[in-house]
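The values are calculated or read from the model by the stated rules, or taken from the named source; none is laboratory data. Everything quoted here is computed from the prediction, not taken from an experiment. Please note: Cβ atoms are built from the backbone with ideal geometry, for glycine as well, and neighbour counts cover all protein chains shown. With ligands, DNA and RNA removed, areas are computed over all heavy atoms of the protein, side chains included. Shrake-Rupley method; radii C 1.70, N 1.55, O 1.52, S 1.80 Å.
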Amino acid sequence: MKQSILDKYSVPVPRYTSYPPANFFSPSYTAEQHRRAVIESNSREPSHISVYIHLPFCFQMCYYCGCNAFLLTDKSTAAKYVEAVKKEMQLIFPMLSKNRKVSQIHYGGGTPTTYSVTVLKEINDLVFSEFDCIKDPEIAIECHPGYMSEEYWATLPEIGFNRISIGVQDFNREVLKASHRKPSRLEIGEIIAGLHKQKVSVNLDFIYGLPLQTEASFAETMREAIHLQPERIVTFSYAHVPWVNPLQQKLEKTGLPTVTEKEKLFNSASGLLHEAGYRSIGLDHFVLPEDELYKAFREKTLHRNFQGYCTRRTTGQVYAFGVTGISQLAASYSQNTKDIQTYISQIEKKELAVLKGYALNPEEQITRAVISSLMCNNYVSWQEIAASFQTTPEKVKATLHYDEKKIHELEEDGLIDRDEEEIRVRPEATPFVRNVAASLDKLMLHTDKQFSKPM
């Protein structure tokens with residue numbers, strides 16, 4: 001893309017992992033509202049249950065991290081915390097219909113693997129004891145390979161995990177050192193071979209835009225990733241948000257790639273992955289052609305929730321447990337408190353630890369569907385959205401900030417193609433799909449919220 005276009009659209013916009021974005025959630029949203037929303041969710045679609053468990057502790061804090069994570073300094077607090085997570089599950093599960101099935105379990109962090117496999121098994125077993133699962137549910141965990149033994153890796157499939165996300169970030173040791181990231185304890189190839197032998201699917205996660213990365217060095221990292229043949233390779237764009245995580249300021253001392261340099265990193269990686277037979281979906285995922293995510297993308301039915309990209313088969317309403325966990329229900333969001341001691345205290349008193357949330361009105365639910373279609377499938381059909389809400393394409397557009405002049409500008413700048421029926425994001429403009437979504441979002445008209453840049 002032309003430098004002028006890169007500069008024009010490299011502006012802060014929401015990541016749209018939810019709509020509205022989480023920084024629009026309100027502290028006036030109460031625990032009682034969440035309780036009612038959970039009960040109401042039994043009669044809403046999707047009917048499946050997606051369980052998210054947030055285990056926020058880390059052995060070491062990586063400078064690039066934008067997650068809600070805490071340095072593990074007190075093992076007794078970590079033990080009390082995980083007991084509180086199980087108690088929170090025991091508060092929510094009785095509200096859910098036992099006719100519903102679990103389609104996803106996802107562990108995020110922090111670093112979930114700071115806990116022993118025994119603890120992870122106890123949590124999984126708690127879910128399995130309460131609900132049946134769909135056929136072939138996705139049971140996934142994010143892993144930091146810097147601390148995990150061969151026995152730990154081998155035990156994860158035995159306790160139910162069938163998808164493992166390995167946070168490599170970069171194979172270049174100097175890049176990892178500059179980012180304060182510990183490299184893998186074992187050879188990544190040995191880890192993948194062992195997991196594949198146990199019929200486990202593997203994601204390798206990387207970040208582009210880190211200090212010391214060059215087009216040549218990141219291309220070498222991608223070649224090594226391709227050689228290992230994981231089912232999915234994910235190239236996250238580093239989001240520089242030092243107002244969220246002050247540790248990121250340390251990266252500024254080493255220096256961060258420019259917008260142009262980041263585009264070269266992504267384009268080089270994308271080219272190598274496509275040449276090797278991987279297919280791109282969404283913002284940052286590359287999958288093998290037989291992957292069900294790619295089939296869903298081709299059929300324009302790819303979906304996304306706080307767990308990441310998923311198919312209609314595995315998607316569910318998300319019930320989140322742990323500090324900062326965000327439950328993503330049919331018509332509302334609820335986020336737990338960010339303070340660990342407050343969370344433990346409230347749960348021990350059998351209170352829901354709700355910090356803030358958001359109830360979507362009917363118009364916002366339509367906007368969410370439009371933005372979700374763009375973010376997942378690089379496409380929106382006005383007729384399809386209208387049909388799903390039993391309305392007309394004209395009324396769908398009326399719920400949005402549909403500015404004909406702005407839409408024409410996006411087309412002229414090479415981000416989209418469009419006609420009367422639909423908008424299609426051009427493949428080369430995928431990194432800027434967030435900009436296209438934001439252009440239709442009424443909440444972006446007058447806001448003082450802070451966001452990261454797409455590049």
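Among the numbered criteria (1) surrounded by 15 or more Cβ atoms within 10 Å (Cβ to Cβ); (2) within 26 Å of the chain's Cα centre (by Cα), which single criterion is violated by GLN450?
So the condition that GLN450 fails would be (1).
Starting from residues that are among the β-branched types (Val, Ile, Thr) and within 25 Å of the chain's Cα centre (by Cα), keep the ones in segment 72-88 and report whichever is surrounded by the fewest Cβ atoms within 10 Å (Cβ to Cβ).
VAL82
Go over the candidates CYS65, CYS58 one by one and state the one that is open to solvent by less than 50 Å² (accessible area, probe 1.4 Å) and within 30 Å of ASN435 (Cβ to Cβ).
Criteria check complete, one pass: CYS65.
May I ask you to say which residue of VAL287, VAL234, VAL244 is within 25 Å of THR17 (Cβ to Cβ) and open to solvent by 20 Å² or more (accessible area, probe 1.4 Å)?
Result of the check over VAL287, VAL234, VAL244: VAL244.
Would you please name the residue that is farthest from VAL425 (Cα to Cα), looking only at residues in segment 394-412 that are surrounded by 15 or more Cβ atoms within 10 Å (Cβ to Cβ) and touching a residue at least 24 places away in the same chain (Cβ under 8 Å)?
Checked segment 394-412; the qualifying residue farthest from VAL425 (Cα to Cα) is THR399.
Would it be correct to say that LYS338 is at positive phi, open to solvent by 60 Å² or more (accessible area, probe 1.4 Å) and at pLDDT 95 or above?
Here the answer is no, as LYS338 does not meet what is asked.
Considering every residue within segment 197-205, establish whether at least one is at pLDDT 95 or above, under 20 Å from GLU142 (Cβ atoms) and of a type in the set (Val, Ile, Thr).
Scanning segment 197-205, I find at least one residue that is at pLDDT 95 or above, under 20 Å from GLU142 (Cβ atoms) and of a type in the set (Val, Ile, Thr), so the answer is yes.
Please verify whether SER50 is without any contact (Cβ under 8 Å) to a residue 40 or more places away in the chain and under 19 Å from TYR333 (Cβ atoms), treating the condition exactly as stated.
no
This table checks each residue for (1) open to solvent by 10 Å² or more (accessible area, probe 1.4 Å); (2) assigned to a helix (DSSP H, G or I); (3) at negative phi.
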| residue | (1), (2), (3) |
| --- | --- |
| ARG15 | yes, no, yes |
| SER18 | no, no, yes |
| VAL38 | no, yes, yes |
| GLU45 | yes, no, yes |
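If you scan segment 274-296, which residues turn out to be in a strand (DSSP E or B), of a type outside the set (A, V, I, L, M) and under 17 Å from the mean Cα position of the chain (by Cα)?
Matches in segment 274-296: SER280, HIS285, PHE286.
Against the definition (free of Cβ contacts under 8 Å to residues at least 24 places away in the same chain and under 30 Å from ALA429 (Cβ atoms)), how does SER4 come out, yes or no?
The answer is yes for SER4.
Conditions first: (1) in contact with a Leu (Cβ under 7 Å, 6 or more places away or on another chain); (2) among the aliphatic types (A, V, I, L, M); (3) under 27 Å from VAL241 (Cα atoms). ILE49 passes all but one, so which condition is the exception?
Condition (3) is where ILE49 drops out.
So if I check each of GLU384, GLU428, which one is under 16 Å from ILE5 (Cα atoms) and either in a loop (DSSP other than H, G, I, E, B) or open to solvent by 10 Å² or more (accessible area, probe 1.4 Å) (or both)?
Exactly one residue qualifies, and that residue is GLU428.
Out of ALA216, ALA193, I need the residue that is under 30 Å from ASN162 (Cβ atoms) and without any contact (Cβ under 8 Å) to a residue 24 or more places away in the chain. Which one?
After applying the criteria, what remains is ALA193.
Just the residues that are among the hydroxyl-bearing types (Ser, Thr, Tyr) and touching a Pro at 6+ places or on another chain (Cβ under 9 Å), please, taken from segment 339-362.
TYR358
So for segment 238-250 (the condition being under 30 Å from ARG426 (Cα atoms) and touching a His at 6+ places or on another chain (Cβ under 9 Å)), does at least one residue qualify?
No - not one qualifying residue is present in segment 238-250.
Using beta carbons and a limit of 9 Å, which pairs, at least six apart or on different chains, have the first residue in segment 26-41 and within 13 Å of ALA359 (Cα to Cα) and the second one open to solvent by 60 Å² or more (accessible area, probe 1.4 Å) and in a loop (DSSP other than H, G, I, E, B)?
Final answer for the pair search is ALA31/GLU351.
Could you list, in sequence order, all residues of segment 314-348 that are hydroxyl-bearing (Ser, Thr, Tyr) and in contact with an Asp or Glu (Cβ under 8 Å, 6 or more places away or on another chain)?
Of everything in segment 314-348, just one residue is hydroxyl-bearing (Ser, Thr, Tyr) and in contact with an Asp or Glu (Cβ under 8 Å, 6 or more places away or on another chain), namely THR314.
Tell me which residues, restricted to segment 94-116, are surrounded by fewer than 18 Cβ atoms within 10 Å (Cβ to Cβ) and either part of a helix (DSSP H, G or I) or without any contact (Cβ under 8 Å) to a residue 40 or more places away in the chain (or both).
Of everything in segment 94-116, those that are surrounded by fewer than 18 Cβ atoms within 10 Å (Cβ to Cβ) and either part of a helix (DSSP H, G or I) or without any contact (Cβ under 8 Å) to a residue 40 or more places away in the chain (or both) turn out to be PRO94, MET95, LYS98, ASN99, SER116.
Could you go through segment 254-273 and let me know if any residue there is surrounded by 18 or more Cβ atoms within 10 Å (Cβ to Cβ), in a loop (DSSP other than H, G, I, E, B) and in contact (Cβ under 8 Å) with a residue 60 or more places away in the chain.
For segment 254-273, residues surrounded by 18 or more Cβ atoms within 10 Å (Cβ to Cβ), in a loop (DSSP other than H, G, I, E, B) and in contact (Cβ under 8 Å) with a residue 60 or more places away in the chain: absent.
Considering (1) in a strand (DSSP E or B); (2) out of contact with any Gly (no Cβ under 9 Å at 6 or more places or on another chain); (3) under 24 Å from VAL244 (Cα atoms), say which one LYS135 fails and leave the rest.
Going through (1) in a strand (DSSP E or B); (2) out of contact with any Gly (no Cβ under 9 Å at 6 or more places or on another chain); (3) under 24 Å from VAL244 (Cα atoms) one by one, LYS135 breaks only (3).
Just a yes or no: is a residue in segment 356-378 open to solvent by 60 Å² or more (accessible area, probe 1.4 Å), over 20 Å from the mean Cα position of the chain (by Cα) and in contact (Cβ under 8 Å) with a residue 40 or more places away in the chain?
yes
Could you list, in sequence order, the residues of segment 186-212 that are under 18 Å from MET148 (Cα atoms), among the aliphatic types (A, V, I, L, M) and either open to solvent by 30 Å² or more (accessible area, probe 1.4 Å) or part of a helix (DSSP H, G or I) (or both)?
Answer for segment 186-212, where residues must be under 18 Å from MET148 (Cα atoms), among the aliphatic types (A, V, I, L, M) and either open to solvent by 30 Å² or more (accessible area, probe 1.4 Å) or part of a helix (DSSP H, G or I) (or both): LEU186, ILE188, ILE191, ILE192, ALA193, LEU195.
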